[in-house]
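Let me begin by presenting the structure, written as structure tokens, before commenting on it.
The values are calculated or read from the model by the stated rules, or taken from the named source; none is laboratory data. The model shown is predicted, which means the values in this text are computed figures rather than measured ones. In this analysis, Cβ positions are derived from the backbone assuming ideal geometry, glycine residues included, and neighbour counts consider all displayed protein chains.
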């Protein structure tokens, strides 16, 4: 069994650092190795079955940046123990340097403010490497180097975003993407009139099987019909679904009795997809057929079962409506769930397998829920976001992004699941201000990416049942949060029409 060992200095950092248990090793291609973390004093060991070289990834406390996931450069296994802060600094500096060189070759103007910050990161790192006899001081300098590298990465990515946005503005007189939110399980009300049309040009209609047919053969479409009619009246682009949710408890409870009968189970899923798409034929042109297909968990389905079901339901949807576009949703697009060793395919490989089947997949929706345990993604800087989107863009299909970020760490009785909120991660504690700040940081980058065709917030209001606690744009009392205005501003600041 392969193992990499890292020392943390000072040892006091180990207290109150739960993210260490979620560390993992990834390959040069981004593939995440199944691994197990062991902590002994101030030594963190990561064990796996392979002995290939790889990058150690862990959320690290960085002054001014919270606890973003930082990666080392590619390391080989060795008997001696690595100094974690020094290797993380080396990895971040290399990442920033390589990205700057790539964008420079592509014609991007590197901002002048970037160079002194990046140079200072090199200086601090070089000094830390020389302090072999004082590892606490060396780690402190390395952490300062990481902070400078994160600052350089932010400057670099901000400049890239501004330059790419300028190009998209010149090419289009109107917002070139669908910007919307999930309307959740609610009837249209008066508040929608003042909040939605002026902010969004699209809406996600939550046509989900588990809420529509809670009892076998007993359908309830009433509130969905009202939402579709309201969106038509306000000329909003509609995305229906996800029709099927393959995560645990994502399918109707009555279907559990068929979990052992894959043939009949497939028939039930296909029948619902056909029913739903047929009902809104000609009204909804963009469908999310299934969600969380890469992680699964529903009815103990295997990864191969999930691939088969997704492919079959896409074929059925295409047969019913040849004119519409059909997507699937991928959660945790960085693939960190693979550390559990329960999945053979990386997220990109899962989608690539479907594309090779020729089942008519028109795009993929990436669910990025920052700050949430279990089904969420750890905090990452904007450069890591950009690199992840570039990897997915290599599939050469449109990308849709579903976003969630908490405005509070308090428990939420209206959440549909046991998903919790991390205690740390972002630059500042979870709050409405932090939620708006996060949108201000990442939304422009997403809009700037040519491959991104749609951006949707996970749900509109905290007053209705939902998956992610406190992520709504309107609080449970009906008061708009600052994040709602931030979303409106980013389209209006660039596209006035």
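Keeping to segment 309-331, report how many residues are closer than 20 Å to residue 369 by Cα and touching a helix residue (DSSP H, G or I) at 6+ places or on another chain (Cβ under 7 Å).
Adding up the residues that qualify gives 2.
Filter segment 121-176 down to the residues that are touching a strand residue (DSSP E or B) at 6+ places or on another chain (Cβ under 6 Å) and not in a helix (DSSP H, G or I) and list them by number.
none
Which condition breaks for residue 158 when tested against (1) surrounded by 20 or more Cβ atoms within 10 Å (Cβ to Cβ); (2) not assigned by TED's automatic domain parsing to the domain that holds residue 468?
For residue 158, the failing item is (1).
Touching a helix residue (DSSP H, G or I) at 6+ places or on another chain (Cβ under 7 Å) and more than 25 Å from residue 421 (Cα to Cα): does that describe residue 27?
no
If you scan segment 233-242, which residues turn out to be outside any strand (DSSP E or B) and either more than 11 Å from residue 280 (Cβ to Cβ) or at pLDDT 95 or above (or both)?
Across segment 233-242, the qualifying residues are 233, 234, 235, 236, 242.
Among the listed residues 330, 284, identify the single one that is crowded, with 17+ Cβ neighbours inside 10 Å and without any contact (Cβ under 8 Å) to a residue 40 or more places away in the chain.
Checking each option against the conditions leaves just 330.
Given 383, 399, 403, which one is modelled with pLDDT of 95 or more and more than 23 Å from residue 181 (Cβ to Cβ)?
Among 383, 399, 403, only 383 is modelled with pLDDT of 95 or more and more than 23 Å from residue 181 (Cβ to Cβ).
Enumerate the pairs (first residue in segment 50-62 and free of Cβ contacts under 8 Å to residues at least 12 places away in the same chain; second residue anywhere and surrounded by fewer than 24 Cβ atoms within 10 Å (Cβ to Cβ)) with beta-carbon separation below 6 Å, excluding pairs fewer than 6 apart on the same chain, so at least 6 apart or on different chains.
none
When residues of segment 81-98 are filtered for being surrounded by fewer than 23 Cβ atoms within 10 Å (Cβ to Cβ), in a helix (DSSP H, G or I) and in contact with a strand residue (DSSP E or B) (Cβ under 9 Å, 6 or more places away or on another chain), how many remain?
Number satisfying all stated conditions: 3.
Can you tell me which of 314, 361, 299, 307 is surrounded by fewer than 21 Cβ atoms within 10 Å (Cβ to Cβ) and modelled with pLDDT of 90 or more?
Values: 314 fails: surrounded by fewer than 21 Cβ atoms within 10 Å (Cβ to Cβ); 361 fails: surrounded by fewer than 21 Cβ atoms within 10 Å (Cβ to Cβ); 299 fails: modelled with pLDDT of 90 or more.
It is 307.
Do you know which of the residues in segment 183-206 that are more than 16 Å from residue 458 (Cβ to Cβ) and part of a loop (DSSP other than H, G, I, E, B) is modelled with the lowest pLDDT?
198
What single numbered condition from (1) surrounded by fewer than 18 Cβ atoms within 10 Å (Cβ to Cβ); (2) within 20 Å of residue 301 (Cβ to Cβ) fails to hold for residue 394?
(2)
Could you please tell me which pairs satisfy a Cβ distance under 7 Å, a separation of 6+ or placement on different chains, a first residue in segment 76-97 that is at positive phi and in contact (Cβ under 8 Å) with a residue 24 or more places away in the chain, and a second residue that is crowded, with 21+ Cβ neighbours inside 10 Å and assigned to a helix (DSSP H, G or I)?
none
Name the single residue, out of those in segment 207-228 being free of Cβ contacts under 8 Å to residues at least 12 places away in the same chain and assigned to a helix (DSSP H, G or I), that is surrounded by the most Cβ atoms within 10 Å (Cβ to Cβ).
Per the criteria, the residue is 225.
Of the residues 366, 327, which is in a strand (DSSP E or B), more than 30 Å from residue 58 (Cα to Cα) and at pLDDT 95 or above?
Criteria check complete, one pass: 327.
Name the residues in segment 37-49 that are in contact (Cβ under 8 Å) with a residue 40 or more places away in the chain and surrounded by fewer than 17 Cβ atoms within 10 Å (Cβ to Cβ), would you?
Selection gives 45, 47, 49.
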